[in-house]
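Engineer: Below is the structure I would like to discuss, written out as structure tokens.
The values are calculated or read from the model by the stated rules, or taken from the named source; none is laboratory data. Fair warning: this is a prediction, and the values are worked out from it, not measured in the lab. For neighbour counting, all protein chains shown are included, and Cβ atoms are generated from backbone atoms with ideal geometry for every residue, glycine included. Note: accessible area is taken over every heavy atom of the protein model, side chains too, but ligands, DNA and RNA are not part of it. Shrake-Rupley method; radii C 1.70, N 1.55, O 1.52, S 1.80 Å.
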Amino acid sequence: MSRAEDRRLGMHAAITRRDFLNGFALAIGAGVGALPLRALGKELEPEQRYGYYPPALTGLRGSHPGSFDVAHALAREGRVWTEPVEQTDDVYDLVVVGGGLSGLAAAHMFRKRAGRHARILILDNHDDFGGHAKRNELSSGLRTVLGHGGSQTLETPSTYSAGSKALLAELGVDLKRFYQAFDMKLYASHGLGQGVYFDRDTYGIDKLVAGAPVNPWIAEILASSQTEGPLAEFVAALPLSETGRADILRVHETRVDYFPGLSSEEKIDRLRHMSYDRYLTEHVGVGAEAVDFFHTRPRELWGVGTDAVSALECMGLDLPGFDGLGLTDPDEYDFSEEPYIHHFPDGNASVARLLVRNLIPRVAPGHTMDDIVTARFDYARLDEPDAPVRMRLNSTAVRVRQTNRDVVDVTYVRRDLAYRVRARGCVLACWHMIIPFLCPELPPAQQEALRYGTKVPLVYTNTLIRSWQPFVDLGVSIVECPGAYHSTVMLDFPVSLGGYRCARDPSEPIVLHMVRTPCKPGLPARDQHRYGHQELYVTPFETFEREIRKQLAGMLGTAGFEPARDILGITVNRWPHGYAYEYNPLWDEDWAPGASPCERARVPFGRIVMANADAGASAYVNVAIDQAHRAVGELLSVM
Ligand SMILES: Cc1cc2nc3c(=O)[nH]c(=O)nc-3n(C[C@H](O)[C@H](O)[C@H](O)COP(=O)(O)OP(=O)(O)OC[C@H]3O[C@@H](n4cnc5c(N)ncnc54)[C@H](O)[C@@H]3O)c2cc1C
């Protein structure tokens, strides 16, 4: 990339930039309080420093620099920290390892049953709480714009367990409220629909084609009726060969039964055990261009493309080509039951914030699901000695051991020093693959089960742009990008709640939600995830920034979008260890009930119990909560 090209893209333009000091987030210019105190010899804890407010940090977030060094030293290099002789703090009733939704829910449920005076400590290795449910704040200069850094939406909450529903109700979440807060008509009222962007590097030309056939799954995500042009016109505009275009049209229009003579059940079984790529090439009979066109569709859910996801799953995601199979009840495999609107302006970070405010009321004002959206959190108050519940960020557990019948010792590392706390019980709400390193006493078969799931890597990039007029001019609100760096680009969800208003007018700044799923098509799914982990760890922010600018310039340039002028801020939420691994019939066994790895992994070990969404092998908020519920019940039954 030449310097002139970098200048055109605005690589050196002034967007909100922050910096890191000693691995801890510190806003430039806001750190003035810290330095004089250091000079006086009074070392403040990072969270106590003036300006410590992680949601407002931009640049590389998610698993941010500094968050994983200790865990990697433990797991990859076998580093051992000598357990300190002195115990830190008085004995806790409960120590929770992992401050994500599962750990926070576990603390909430434990306190509910053990009483308001129960002493609880929550440890997390990140500089912010919430685990995957993180909040991003970006500044347009005039106002703060919110975005979700990870966990997006409460999906089909009517199907949640009684325990998950009760927790949300206890936090004051009224699900009906989202029907007013989410403006289902906004984008449709501007005539916006779906589009596909073909990038120059992959297709030899930058071209955005609007009027894509409505993908019901995406329409559901946008929770709005979508504008769609005639299929033939859309396909005719694709910058592909004649054969490629004819193939794509055929996949959409086919009414052929490719499995004549098989019963519905047999067909479903066939679809479950073959990839969509194979279905398209071997049965529908299309070529590589059409296969590539559909490739990225399941990536946002599975982290891998149509080469590694079953045809049945793709049918459930509304990919075309199945209409002629005559399946007796295809709707049984349809995911859409309830509009996808249960979304706070910062996604499920608000659920984490509600939990934290409920556990430690002094950290933030207010008491409703509306006022949580703009409530300012005082991170200095998360870990105060006189509070019954405390949260210690920037602290990685490295050893968890039941030392006698009644107590568990937890050693954690903070700023490269080891500390030991003692508790009457411990919930491990952290990622399962680290647990064998924390508890080497666990039976080998359980350790193996804990290591089975390979978490799914993905990136949620939030890019703040000056206005969304270019999207209006081009007639799109969501764009699939089969060859580009980010495979989806969409206008943020139009949600106004509490004192927060979404960008209703196209002239206003808005966050673009962009998704990248690093993987290596052709490999088995878990190997693709491992490849993606590695890619994310070695990719610097500069690479993301350049790719974002290039992609938006290519996609929106015809509508006058200039990245150097129109991009106001970028937060790349990288999640090398993202979704909990879900079993995939193409690659995993069909285990008998009780025999799957997650069920074997979550067996309690004395007073050490296992929560986290990993324990349910399913990447959903309600699973994280349900696993906390089970783990807390198991712990209390032996305390
Ligand atoms: C990008 C993304 C989008 C998602 N979108 C949705 C959605 O729209 N709807 C939905 O229902 N679900 C969604 N999910 C899934 C859902 O968010 C998760 O299931 C849920 O948040 C997981 O919570 P958890 O507490 O189990 O795990 P996590 O959120 O991963 O929390 C575990 C915490 O433990 C910490 N930890 C690990 N090891 C240690 C250690 N040794 N010491 C201290 N701390 C440690 C981790 O760093 C992490 O902070 C999404 C997930 C991701 C990644």
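Engineer: Within segment 571-616, can you find the residues that are among the charged types (D, E, K, R), within 15 Å of the ligand (Cβ to nearest atom) and closer than 27 Å to Lys165 by Cα? Lay out the reasoning, then the answer.
Structural biologist: We begin by selecting, within segment 571-616, every residue among the charged types (D, E, K, R); these are 574, 582, 588-590, 599-600, 602, 607, 614.
Next, only the ones that are within 15 Å of the ligand (Cβ to nearest atom) stay: 574, 582, 602, 614.
Within segment 571-616, Glu582, Arg602, Asp614 meet the criteria.
Engineer: If you don't mind, another one. Would you confirm whether or not segment 384-407 contains a residue that is at pLDDT 95 or above, closer than 22 Å to Arg607 by Cα, in a loop (DSSP other than H, G, I, E, B) and within 14 Å of the ligand (Cβ to nearest atom)?
Structural biologist: Yes, the conditions are met somewhere in segment 384-407.
Engineer: Give me the residue from segment 617-626 that is part of a helix (DSSP H, G or I) and near the ligand (Cβ under 7 Å from one of its atoms) and, out of that set, surrounded by the most Cβ atoms within 10 Å (Cβ to Cβ).
Structural biologist: Within segment 617-626, the first condition is being part of a helix (DSSP H, G or I), and the residues that meet it are 621-626.
Imposing the further condition that a residue be near the ligand (Cβ under 7 Å from one of its atoms) reduces the set to 621-624.
Numbers: Val621: 29, Asn622: 23, Val623: 24, Ala624: 34.
Per the stated criteria, the residue is Ala624.
Engineer: Another one. Checking the structure you have, find out if any residue of segment 335-353 is farther than 23 Å from His132 by Cβ, more than 14 Å from the ligand (Cβ to nearest atom), surrounded by fewer than 24 Cβ atoms within 10 Å (Cβ to Cβ) and of a type outside the set (Asp, Glu).
Structural biologist: Yes: segment 335-353 contains one or more residues that are farther than 23 Å from His132 by Cβ, more than 14 Å from the ligand (Cβ to nearest atom), surrounded by fewer than 24 Cβ atoms within 10 Å (Cβ to Cβ) and of a type outside the set (Asp, Glu).
Engineer: Right, another one. Could you give every pair whose Cβ atoms fall below 7 Å, whose first residue belongs to segment 461-484 and is under 10 Å from Pro506 (Cα atoms), and whose second residue is aromatic (Phe, Trp, Tyr) and at pLDDT 95 or above, counting only separations of at least 6 or pairs across chains?
Structural biologist: Final answer for the pair search is Pro470/Phe561.
Engineer: Just the residues that are more than 11 Å from the ligand (Cβ to nearest atom) and in contact with a helix residue (DSSP H, G or I) (Cβ under 7 Å, 6 or more places away or on another chain), please, taken from segment 627-639. Steps first, please.
Structural biologist: Filtering segment 627-639 down to residues more than 11 Å from the ligand (Cβ to nearest atom) leaves 629-630, 632-639.
Within segment 627-639, His629, Val632, Leu636 meet the criteria.
Engineer: Next question, about the same structure. Residues Asp371, Asp378, Asp346, Asp383: which one is without any contact (Cβ under 8 Å) to a residue 60 or more places away in the chain and at negative phi? Even if it seems obvious, please write down each step before you answer.
Structural biologist: Values: Asp371 fails: without any contact (Cβ under 8 Å) to a residue 60 or more places away in the chain; Asp346 fails: without any contact (Cβ under 8 Å) to a residue 60 or more places away in the chain; Asp383 fails: without any contact (Cβ under 8 Å) to a residue 60 or more places away in the chain.
Result: Asp378 is the single residue among Asp371, Asp378, Asp346, Asp383 that is without any contact (Cβ under 8 Å) to a residue 60 or more places away in the chain and at negative phi.
Engineer: Is it the case that some residue within segment 104-121 is open to solvent by less than 10 Å² (accessible area, probe 1.4 Å), away from the ligand (no atom under 16 Å from the Cβ) and in a loop (DSSP other than H, G, I, E, B)?
Structural biologist: Checked against the condition, which is being open to solvent by less than 10 Å² (accessible area, probe 1.4 Å), away from the ligand (no atom under 16 Å from the Cβ) and in a loop (DSSP other than H, G, I, E, B), segment 104-121 yields at least one hit.
Engineer: Taking interchain pairs and intrachain pairs at least six residues apart, which have beta carbon atoms under 8 angstrom, with the first residue in segment 104-131 and over 28 Å from Ala56 (Cβ atoms) and of a type in the set (Phe, Trp, Tyr) and the second open to solvent by less than 10 Å² (accessible area, probe 1.4 Å) and more than 10 Å from the ligand (Cβ to nearest atom)?
Structural biologist: Correct list of pairs: Phe110/Leu94; Phe110/Ala118; Phe110/Ile120; Phe110/Val427; Phe110/Val632; Phe110/Leu635.
Engineer: I've got another one for you. Quick check: anything in segment 79-102 within 10 Å of the ligand (Cβ to nearest atom), in a loop (DSSP other than H, G, I, E, B) and within 21 Å of Gly66 (Cα to Cα)?
Structural biologist: Within segment 79-102, one or more residues are within 10 Å of the ligand (Cβ to nearest atom), in a loop (DSSP other than H, G, I, E, B) and within 21 Å of Gly66 (Cα to Cα).
Engineer: May I pose another question? Among the residues of segment 66-78, write down those that are away from the ligand (no atom under 13 Å from the Cβ) and either touching a residue at least 40 places away in the same chain (Cβ under 8 Å) or assigned to a helix (DSSP H, G or I) (or both). Can you show your working first?
Structural biologist: First, pick out the residues of segment 66-78 that are away from the ligand (no atom under 13 Å from the Cβ): 76-78.
Passing the criteria: Arg76, Glu77.
Engineer: Scan segment 244-271 for residues that are assigned to a helix (DSSP H, G or I), closer than 30 Å to Phe198 by Cα and either open to solvent by 50 Å² or more (accessible area, probe 1.4 Å) or hydroxyl-bearing (Ser, Thr, Tyr) (or both) and jot them down. Can you show your working first?
Structural biologist: The initial filter retains those residues of segment 244-271 that are assigned to a helix (DSSP H, G or I), namely 244-253, 264-271.
Filter again for closer than 30 Å to Phe198 by Cα, leaving 244-253, 271.
Within segment 244-271, Arg245, Ala246, Arg250, Glu253 meet the criteria.
Engineer: Can you name every residue in segment 429-444 that is more than 20 Å from Glu582 (Cβ to Cβ) and either in contact with a helix residue (DSSP H, G or I) (Cβ under 7 Å, 6 or more places away or on another chain) or within 15 Å of the ligand (Cβ to nearest atom) (or both)?
Structural biologist: Here is the first cut: in segment 429-444, the ones more than 20 Å from Glu582 (Cβ to Cβ) are 436-444.
Result: Pro436, Phe437, Leu438, Cys439, Pro440, Leu442.
Engineer: Related question: Inside segment 501-616, counting only strands (runs of 3 or more DSSP E) that do not spill past its ends, which hold 1 or more residues that are open to solvent by 20 Å² or more (accessible area, probe 1.4 Å)? Outline the logic, then answer.
Structural biologist: Details: elements: 510-516, 567-579, 608-610.
Output list reads 510-516, 567-579.
For (1) farther than 21 Å from His629 by Cα; (2) more than 27 Å from the chain's Cα centre (by Cα); (3) open to solvent by 10 Å² or more (accessible area, probe 1.4 Å), each residue gets a yes or a no:
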position: Glu384; (1), (2), (3): yes, yes, yes
position: Arg392; (1), (2), (3): yes, no, yes
position: Asn404; (1), (2), (3): yes, yes, yes
position: Val410; (1), (2), (3): yes, yes, no
position: Arg415; (1), (2), (3): yes, no, yes
position: Val427; (1), (2), (3): no, no, no
position: Pro436; (1), (2), (3): yes, no, no
position: Gln447; (1), (2), (3): yes, no, yes
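Quick grid of which residues meet (1) within 16 Å of the ligand (Cβ to nearest atom); (2) surrounded by 22 or more Cβ atoms within 10 Å (Cβ to Cβ); (3) more than 24 Å from the chain's Cα centre (by Cα); (4) polar (S, T, N, Q):
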residue	(1), (2), (3), (4)
Gly131	yes, yes, no, no
Ser158	yes, no, no, yes
Ser161	yes, no, no, yes
Gly191	no, no, yes, no
Thr202	no, no, yes, yes
Lys207	no, no, yes, no
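Engineer: Hey, another quick one. Are there any pairs with C-beta distances below 7 angstrom linking a residue in segment 431-453 that is among the basic types (Lys, Arg) to a residue that is part of a helix (DSSP H, G or I), with the two at least 6 apart or on different chains, and if so which?
Structural biologist: Arg451/Met433; Arg451/Pro436
Engineer: Could you tell me how many of the residues in segment 468-486 are part of a loop (DSSP other than H, G, I, E, B), within 21 Å of the chain's Cα centre (by Cα) and surrounded by fewer than 23 Cβ atoms within 10 Å (Cβ to Cβ)?
Structural biologist: The initial filter retains those residues of segment 468-486 that are part of a loop (DSSP other than H, G, I, E, B), namely 468, 475, 481-486.
Checking which are within 21 Å of the chain's Cα centre (by Cα) leaves us with 481-482, 484-486.
Next cut, surrounded by fewer than 23 Cβ atoms within 10 Å (Cβ to Cβ) only: 482, 485.
Residues in segment 468-486 being part of a loop (DSSP other than H, G, I, E, B), within 21 Å of the chain's Cα centre (by Cα) and surrounded by fewer than 23 Cβ atoms within 10 Å (Cβ to Cβ): 2 in total.
Engineer: Now, a different point. Go through segment 133-143 residue by residue and tally those that are at pLDDT 95 or above and either open to solvent by 10 Å² or more (accessible area, probe 1.4 Å) or more than 6 Å from the ligand (Cβ to nearest atom) (or both).
Structural biologist: Of all residues in segment 133-143, those at pLDDT 95 or above come to 133-138.
Next, only the ones that are either open to solvent by 10 Å² or more (accessible area, probe 1.4 Å) or more than 6 Å from the ligand (Cβ to nearest atom) (or both) stay: 134-138.
Total meeting the criteria: 5.
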